[in-house]
Each structure stands twice: as C-alpha cells, then as structure tokens.
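Contents: one structure, followed by commentary.
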Amino acid sequence: MNYDALKQEIIDHADELGIDKIGFTSADFFSDLKGRLIRQEALNYQSGFEEKDIDKRVTPSLLMHEPKSIISIALAYPSKMKDAPRSKKGERRGVFARASWGEDYHTVLRKALERLEQFIQERVPDARMKSMVDTGELVDRAVAERAGVGWSAKNCSIITPEFGSYVYLGEMITNIPFSPNEPMEDQCGDCNLCVDVCPTGALVQGGQLDAKKCIAFLTQTKDFLPDEYRTKIGNRLYGCDTCQTVCPKNKGIDMHKHPEFEPDPEIAKPLLEPLLTISNREFKESYGHVSGSWRGKKPIQRNALIALAHFKEASALPSIFEVMQHDVRPVMRGTAAWAAGKIGGEEAEKMLLKQKELEQDEEVLKEIEKGLSLCK
C-alpha cells in the first residue's frame, strides 16, 4: 500500500468529508506535554473536566494496540452573528460564547471523523482507528500542534493561518504509518494582548492557563460563584471569547463553512429574565442541541442572575425576588439575593430583610447579608 498516496487522497477529499484542515503526526509519546501536565496538576491549574490519568493523555499506545500515526482535523466556526438582537433596558440579554453557537460541535466533529474513518476503511479494510473529540484522552491542541494544523498560541488555543483560533479540533489514532507533517512555527511573537486583557488573570503567562480562574470554566460550575469573579463575567452565560476577540491573528476572520454552526440569535443571545423560570423540558427543547447545555440549566440560570445584576436591571427585581423566595435550590436563592443587593434600592433592601426572616439555609443567609451590605 502506498501510504503517501493515501495521505494525499485524504487531503484532497477533506473538504467533501466536511473537514477544513487536516494534519498528520506520529503516534509517539508526547514527552514534553507530560511534564507540563504534571506541573499544571501540581499548581492546581486543572479544571477537573480533563482525563484524570496523565499517562493516557500523552501515550497513544495506551489507547490502541501498536498505533502508528494520528490524524488531526479542524473545523472552522463563525466569529460573527447575523441579525444579533440588541440588549436594552427592560430586555437585557446574555450571551453564549462562539463555541456554543449552533449544533454541539462534539456531534458535528464526530460525524466528520466517522466519514473519514469510512473513507479510510474502504481503501484499507484492515485499518484500525480510534477517534475522539474534546472529551477523549488525548490533548487535542497538542496533537494539532505536532500535526502542523496550527501553532499553540499564548491564549492556549491553536491558531491556524487560514481560520485563526476559531476552529474545533478532533483526532484519530490509527495503525496506518502516515508520514508526519512538520509542526508550524509559533507566530505570536512579542504580542501579549490575550494575557494582558484576560478578565480574571487566568492566563498566568503566554501558553499557561489557570483553568479554575478562566471564565469559560467558571460559567460551567454549579456552586456559588466566588465573590471575586461575580463582577468579572458580565453577561456571559456560557464560556468566554475575550482572549480570541483581542487576538490580531483573528482580525477579519469570520467563517461560515458549516450550516450546523450557524447560531439561532435568540438562543445564542437570549433574554435573561425568561431563563430564571425555564422548565427542564423547555431548556432541553430550546438549548439541548448546543454544547453550552451539557451542564444543565442551573449554571446558566445562576449566570443569568449575575448578568441582570451586572446591568443593574431594576425592572427584573420581581423575577429575582421570585427566585429568592421560591426556588428550591440554595445556589439560586442565594445568588438571587446577591443580585438584588447589587441592583440595590429600597425595594431590594425591603425584600432582602423580609427573606432574611424566612430563610433557613446558612449559605443563603450569608448571601442575603452580602446583598444587604451592597444596598447600603
């Protein structure tokens, strides 16, 4: 079998397989990466969403018997929303990050990898393949970097010359010995914008992220948001794009190559108040297809309360009081109390004092006290 010819055939057919960029690398051990992951873990910089076994993240041979190479794929997604609704007084809106626009990218990438697997299997019937997207063991960015798809940037994203960092990544381990591509030279240079403007200082330095401080992580947590971050997330409901939008390499890039990634403006930038009382069924029907729904409605609803506080939207106080009084979840009641205090005014203070007499949960009572102190 002429594997170089097969490699070129895959590259030539990538577009019709729904793949925007493709790279090839060896299935060797990721030695440099292991050291970095151990340091990240020692510094407690991991989010907790990653594969726990570091060896599996850096050793393809633990995931497949005698692997020979890895194929890295990238799919471009839009950076601009058509007909985006405006957030205005009385009709405040939150926003989902671009990575949650349109259909869940895990689903779209898996379909692309399935088409690629079928394409290869038809030509090499005894080929073995194992594909993964995001939640797999390997580190997508490390594979893409070594496969020459792009360079690993200071904002901890892969930046491609064609699509900037607005790409989703996936990979396939195989027993086919494809010739590896050369990694791409780092092109960030002296630019440090992403590090300088990170709202929470999560980018400790170029290429190093304290994931627990990252707004993309914080918006996915389910507990009370730490006080120091509540004023940082603004109206973000899920994810954060700041380190991408400031990047000069992303300037002018807006790809609309996949209809699946086109956002529904009312889902990607929804009204905040209706989210406070949305039922599980309504949430699943409206948001179940987007990647930002994977943690359920609770984080989104908590973030919606914080967003209303960010806007100091006094017209939302009745809805916020409703949550504070009747929601069975302490995190929601407590966050509502804090949000009411942040918005402030006599009405908020009166309701907080009333609820203080009725509330029995200690954590919620602490949030009511915070709300009352903000009112003064």
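Any read-out appearing in this document is the output of simple, stated calculations on the displayed coordinates, not a laboratory observation. Quantities reported herein were computed from a predicted structural model and do not represent experimental measurements. Ideal geometry is used to build each Cβ from the backbone, glycine not excepted, and the neighbour counts take in all protein chains shown.
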Any cysteines in the chain with zero other Cys Cβ atoms under 4.7 Å from their Cβ? List them, or say none.
156, 188, 191, 198, 214, 240, 247, 375
Rounded to the angstrom and largest first, Cα extents along the principal axes for region 61-126 equal 61, 26, 15
Which whole-number percent is the relative contact order of the chain (Cα, under 8 Å, 6+ apart)?
19
What dipole magnitude, in Debye to the nearest 20, does region 193-375 give about its Cα centre under +1 on Lys/Arg Cβ and -1 on Asp/Glu Cβ?
440
Which whole-number percent gives the relative contact order of region 255-318, counting Cα pairs below 8 Å spaced six or more residues apart?
35
Return the loop-located trypsin sites (Lys or Arg not before Pro) in region 45-103 (DSSP other than H, G, I, E, B) with at most 10 other Cβ atoms within 10 Å of their own Cβ; answer none if there are none.
52, 82, 86, 89
Loop-located GluC sites (Glu not before Pro) in region 194-276 whose Cβ has at most 10 other Cβ within 10 Å (DSSP)
none
List 225, 305, 218 from most exposed to least, where exposure is judged by having the fewest other Cβ atoms within 10 Å.
225, 218, 305
Tally Lys/Arg at +1 and Asp/Glu at -1 over every other residue whose Cβ is under 11 Å from the Cβ of residue 291; what's the total?
-1
Of 337, 40, 155, which is farthest along the charge dipole of the chain in the positive direction, counting Lys and Arg as +1 and Asp and Glu as -1 at C-beta?
337
From phi via Karplus (6.51, -1.76, 1.60), per-residue ³J(HN,Hα) for region 328-338 in Hz, x at Gly/Pro:
6, 8, x, 4, 6, 5, x, 5, 4, 5, 4
How are the C-alpha pair distances of region 193-375 spread across 10 Å bins, as whole percents from the shortest bin up?
9, 34, 33, 19, 5, 1
What list of ³J(HN,Hα) couplings, whole Hz, do you get for region 310-324 from phi and the Karplus terms 6.51, -1.76, 1.60, once you set θ to phi - 60° and write x for glycine and proline?
4, 7, 6, 7, 4, 5, 8, 4, x, 5, 5, 4, 4, 5, 4
With a bin width of 5 angstrom, please list the P(r) values of region 274-376 as percents of all Cα-Cα pairs, from the 0 bin to the one holding the largest distance.
2, 15, 26, 22, 16, 10, 6, 3, 0
Packing-based exposure ordering (other Cβ within 10 Å, fewest first) of 310, 326, 289
326, 289, 310
If you stretched the chain out fully between residue 162 and residue 13, how much longer would it get, using 0.36 nm times the residue separation minus the C-alpha to C-alpha distance?
51.8 nm
Report the local net charge at residue 67: Lys and Arg +1, Asp and Glu -1, summed over other residues whose C-beta lies under 9 Å from its C-beta.
+2
I'm checking a number: the convex hull volume of the Cα atoms of the chain, normalised per residue, in Å³. What is it?
144
Pair residue 350, residue 289: separation of 7 Å Cα→Cβ label points (nm)
4.5
To the nearest 20 Debye, how big is the dipole of the chain about its Cα centre, given +1 on the beta carbon of each Lys and Arg and -1 on that of each Asp and Glu?
1060
Total charge of the residues flanking residue 258 in space, meaning their Cβ is under 12 Å from its Cβ, with Lys and Arg +1 and Asp and Glu -1, is -3
Ordered by fewest other Cβ atoms within 10 Å, a rough proxy for footprinting exposure, 294, 101, 338, 151 read 294, 151, 101, 338
How much length, in nm to one decimal, is gained on full extension between residue 279 and residue 128, taken as 0.36 nm per residue of separation minus their Cα-Cα distance?
50.0 nm
Pull up all non-local amide H partners of residue 184: gap of 5 or more, or a different chain, and H-to-H distance under 5 Å with H placed in the peptide plane.
148, 150
When the distances between all Cα atoms of region 98-243 are binned every 5 Å from zero, what whole-number percent does each bin get?
2, 8, 15, 18, 19, 15, 10, 7, 4, 2, 1, 0
